[in-house]
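Below: one structure, written as structure tokens.
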Amino acid sequence: MRSETFGDGRVRCFGSEPGKEFYAEYHDIEWGKPVHDDTKLFEMLLLEGAQAGLSWETILRKREGYREAFHGFDPGAVASMPDDELELNRRNPKIVRNRLKIYAARSNAAAFVEIQNEFGSFDEYLWAFVGGKTIFNDWDSWDQVPSTSPESDSLSKDLRRRGMKFVGSTIVYAFLQAVGAVDDHLSTCWIRNEPKSLR
């Protein structure tokens with residue numbers, strides 16, 4: 001995948017095709033930006049798990065549906081969702097109606113809350129896997145970007161040990177990219193060419 005230009009002339013890693021302005025906006029504003037808010041971290045973990053077997057674009061288009069269905073991504077509230085509420089979501093056209101993914105959202109939320117209780121926050125737990133700071137990679141094309149890393153392998157293994165599902169290393173690597181623990185903006189991308197202090 002090569003970097004792409006958009007109507008504003010900026011070169012981006014993705015999202016610059018006509019009609020996908022929302023995807024370009026996600027690229028510019030969110031992707032690769034460090035996240036330290038637990039609610040936001042849970043949101044991205046839930047959404048990345050929902051993506052399994054699908055495109056990220058599909059999930060982003062359903063993002064507000066997930067926000068409504070899963071209590072604004074409040075991990076405590078999601079961990080307490082009863083079966084009948086989860087079953088209603090299996091008929092909710094605003095989200096991916098996959099039973100395993102819907103029920104995994106609840107069990108993953110419970111594990112997320114346990115991590116918060118153990119470490120003080122999920123933020124503290126997560127960022128320890130990357131040494132407390134963003135890993136900046138240096139790629140010229142999307143073909144060079146890996147789908148996993150030693151960090152995603154370690155985090156995935158630990159999350160699975162704690163009972164989470166849909167947290168394989170590939171999903172976890174995408175999560176690390178999404179929350180800025182890994183910065184994989186390509187060398188040609190306009191964001192990559194901004195000072196690191198502004199990225």
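The values are calculated or read from the model by the stated rules, or taken from the named source; none is laboratory data. The shown structure was predicted, so the numbers you read here are calculated from the model rather than taken from an experiment. We place every Cβ from the backbone using ideal geometry, glycine too, and count neighbours over all the protein chains shown. Heavy atoms of the whole protein, side chains included, go into the accessibility calculation; ligands, DNA and RNA do not. Shrake-Rupley method; radii C 1.70, N 1.55, O 1.52, S 1.80 Å.
Considering (1) in contact with a Gly (Cβ under 6 Å, 6 or more places away or on another chain); (2) assigned to a loop (DSSP other than H, G, I, E, B); (3) over 28 Å from G131 (Cα atoms), the lone condition that G32 does not fulfil carries the number (3). In the range 86-144, the residue that is nearest to the chain's Cα centre (by Cα) out of those that are among the basic types (K, R) and assigned to a helix (DSSP H, G or I) is K101.
Listed by first and then second residue, the pairs linking a residue in the range 153-175 that is open to solvent by 40 Å² or more (accessible area, probe 1.4 Å) to a residue that is part of a helix (DSSP H, G or I), with Cβ atoms under 6 Å apart and 6 or more places separating them unless they lie on different chains, are D153/S169; R162/A111; K165/A104; F166/G49; F166/A104.
Yes or no: H27 open to solvent by 30 Å² or more (accessible area, probe 1.4 Å) and closer than 22 Å to V182 by Cβ?
On the way: open to solvent by 30 Å² or more (accessible area, probe 1.4 Å): no; closer than 22 Å to V182 by Cβ: yes.
No, not satisfied.
In the range 80-95, the qualifying residues are those that are touching a residue at least 24 places away in the same chain (Cβ under 8 Å) and buried (at least 19 other Cβ atoms within 10 Å of the Cβ), and the one that is farthest from L45 (Cα to Cα) is M81.
I'm trying to understand the selection: among the residues of the range 176-188, which are crowded, with 18+ Cβ neighbours inside 10 Å and either of a type in the set (S, T, N, Q) or in a loop (DSSP other than H, G, I, E, B) (or both)? Reasoning before the result, please.
Going residue by residue through the range 176-188, those that are crowded, with 18+ Cβ neighbours inside 10 Å are 176-186.
If the condition is that a residue be crowded, with 18+ Cβ neighbours inside 10 Å and either of a type in the set (S, T, N, Q) or in a loop (DSSP other than H, G, I, E, B) (or both), then Q177, V179, G180, A181, D184, H185, L186 are the ones that fit.
Would you mind finding the one in K40, K101 that is basic (K, R), in contact (Cβ under 8 Å) with a residue 40 or more places away in the chain and surrounded by fewer than 20 Cβ atoms within 10 Å (Cβ to Cβ)? It would help to see each step written out before you state the result.
Numbers: K101 fails: surrounded by fewer than 20 Cβ atoms within 10 Å (Cβ to Cβ).
Testing whether each residue is basic (K, R), in contact (Cβ under 8 Å) with a residue 40 or more places away in the chain and surrounded by fewer than 20 Cβ atoms within 10 Å (Cβ to Cβ) leaves just K40.
Of everything in the range 104-135 that is in contact with a helix residue (DSSP H, G or I) (Cβ under 7 Å, 6 or more places away or on another chain) and open to solvent by 50 Å² or more (accessible area, probe 1.4 Å), the residue that is nearest to D158 (Cα to Cα) is F129. Contact annotation: residue pairs with Cβ atoms under 8 Å, 6 or more positions apart or on different chains, pairing a residue in the range 48-64 that is closer than 18 Å to S169 by Cβ with a partner that is aliphatic (A, V, I, L, M) and not in a helix (DSSP H, G or I), are G49/V167; A50/I95; A50/V96; L54/V96.
Which of the residues that make up the range 57-74 are open to solvent by less than 50 Å² (accessible area, probe 1.4 Å) and more than 18 Å from A104 (Cα to Cα)? Talk me through it step by step, then tell me what you get.
To start, the set of residues in the range 57-74 that are open to solvent by less than 50 Å² (accessible area, probe 1.4 Å) comprises 57, 59-60, 63, 65-66, 69-70, 72-73.
E57, L60, listed by residue number.
Looking across the range 24-77, the residues that are charged (D, E, K, R) and over 16 Å from D123 (Cβ atoms) come down to E25, D28, E30, E48, E57, R61, K62, R63, E64, R67, E68.
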